[in-house]
Amino acid sequence: MASSDYCVLCGGDGAWAFEPLARDLAAALWVEVSPEPRRLNYLLFTDAVPLPKGCESFVPLDAIGLAADKRRLAHVFTRARVPIPETRLFDLWDEVQQFRETRAETEWCLKFPTASGASGHRMLTEAAPPKWWPVPFVVQEFVRLERPEVYRIYAAGGTTFGWMARRYPTDASTSPWVAHARGARYERGGEAPEAATAVARAALNATGLLGSFGCVDLLQRPTGEWVALEVGTDGLVNHVDRALGDADMENEIQRRIAAAFWHWVGVAPPWGTSWRRRELVG
C-alpha cells in the first residue's frame with residue numbers, strides 16, 4: 001500500500017482550527033497531512049463531506065456527528081439503554097417550563113446542544129434562552145456533588161484505557177460545569193472502576209466510537225451509580241482535549257491512536273517494533 005493512500009485529512013475553510021493537532025497526529029501516525037481526501041483518512045476537517053466515493057474515515061462520520069450533537073446523542077443513549085442522567089428533549093419552551101414545574105424536586109440544566117467545554121450550558125429556570133437557541137431543547141438532570149468532578153475514559157481500536165479525573169483546584173472558584181475551559185484541571189484517577197468502564201464501553205459502542213477513537217465523560221451519583229454525560233472524538237467541529245498536564249498520558253493517547261489506525265489500515269506500522277513520534281527518529 002502506497003503512502004499516498006492515507007493521511008491526516010485537514011483542509012478547507014475551517015482547517016486552521018485543527019492545524020496544530022494535524023501536525024501532532026501526523027508525527028504520531030507517521031503519515032502526511034493532506035488538504036484533500038485520500039483513500040484512508042484520519043479526518044480532522046474537510047469541506048468534502050460526505051467523503052468522495054472510495055474514501056474512508058478512521059473515525060466513522062456518523063460517530064463524529066453524534067459526538068457533536070447532544071440531541072442526537074440523547075436518542076442514541078436512550079435507545080441503547082446507556083446509563084445517563086435523566087434527559088428530555090422538548091420542541092417548545094412552554095413544554096420545558098411545564099416539565100420543570102411538575103418535576104420541581106429535581107435540579108435541571110439546559111444544555112447547548114452543540115457545545116464544547118460546556119459553553120452555553122445553564123441551570124434551568126423560568127428565564128427563556130435566546131430566540132436563536134437550537135431546538136429541540138436538551139433538558140438534563142443536574143447531579144449535584146459535594147466536590148464537582150468528572151471522570152474520563154478513552155478508547156482506541158476497541159480497547160479502553162486511562163482514567164482521568166477533572167476537578168477544580170481546592171483554592172480556585174468553581175462552576176457547576178467541570179470543564180477544562182472553565183479552569184478545571186486533569187489528574188490521574190488510578191484504576192477505573194469496573195462499573196464505570198462498563199458504562200463507558202456501552203456509550204462508545206452505542207455511538208460507533210469503540211473501534212476507532214473516542215472518550216467518555218462520566219460522573220458518579222451520590223448513590224454510587226456511574227452515568228455517562230457525553231462522548232468525544234476528533235473531527236469537523238471538535239477534538240479530544242490533549243492538554244492534560246501529563247506528558248505520559250498525552251503520549252499514551254497518541255500511541256494508542258497510531259496503533260489502532262494502522263490496524264485499521266491493515267498493514268504493519270511504519271515505526272517498527274517500538275512506537276515513537278516520527279520527528280524523534282535519528
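The values are calculated or read from the model by the stated rules, or taken from the named source; none is laboratory data. The shown structure was predicted, so the numbers you read here are calculated from the model rather than taken from an experiment. With ideal geometry, Cβ positions are generated from the backbone for all residues, glycine too; neighbour counts draw on all protein chains shown. Protein only, heavy atoms only, side chains kept; ligands, DNA and RNA dropped before computing areas. Shrake-Rupley method; radii C 1.70, N 1.55, O 1.52, S 1.80 Å.
Contact map, segment 85-97: first residue aliphatic (A, V, I, L, M), second residue open to solvent by less than 30 Å² (accessible area, probe 1.4 Å) and assigned to a helix (DSSP H, G or I), Cβ cut-off under 7 Å, separation 6 or more or different chains; pairs are L89/A74.
Take the residues in segment 41-53 that are open to solvent by less than 10 Å² (accessible area, probe 1.4 Å) and of a type in the set (A, V, I, L, M, F, W, C), then tell me which one is nearest to W16 (Cα to Cα). Among residues in segment 41-53 that are open to solvent by less than 10 Å² (accessible area, probe 1.4 Å) and of a type in the set (A, V, I, L, M, F, W, C), the one nearest to W16 (Cα to Cα) is L44.
Number of residues in segment 241-256 that are within 14 Å of the chain's Cα centre (by Cα) and modelled with pLDDT of 95 or more equals 1.
Within the option set G157, G235, G183, G208, being of a type outside the set (A, V, I, L, M), open to solvent by less than 30 Å² (accessible area, probe 1.4 Å) and touching a residue at least 24 places away in the same chain (Cβ under 8 Å) holds for one residue only, G235.
Among E32, E36, which is the only one that is surrounded by fewer than 21 Cβ atoms within 10 Å (Cβ to Cβ) and touching a helix residue (DSSP H, G or I) at 6+ places or on another chain (Cβ under 7 Å)? Walk me through it before giving the result.
Details: E36 fails: touching a helix residue (DSSP H, G or I) at 6+ places or on another chain (Cβ under 7 Å).
After ruling out the rest, the residue left standing is E32.
Inspect segment 90-100 for any residue being in contact with a Lys or Arg (Cβ under 8 Å, 6 or more places away or on another chain) and open to solvent by less than 50 Å² (accessible area, probe 1.4 Å) and give the result as yes or no. Scanning segment 90-100, I find at least one residue that is in contact with a Lys or Arg (Cβ under 8 Å, 6 or more places away or on another chain) and open to solvent by less than 50 Å² (accessible area, probe 1.4 Å), so the answer is yes. Would you check which residues across segment 115-144 are open to solvent by 40 Å² or more (accessible area, probe 1.4 Å), in contact (Cβ under 8 Å) with a residue 40 or more places away in the chain and part of a loop (DSSP other than H, G, I, E, B) and list them? The answer is S116, S119, V135.
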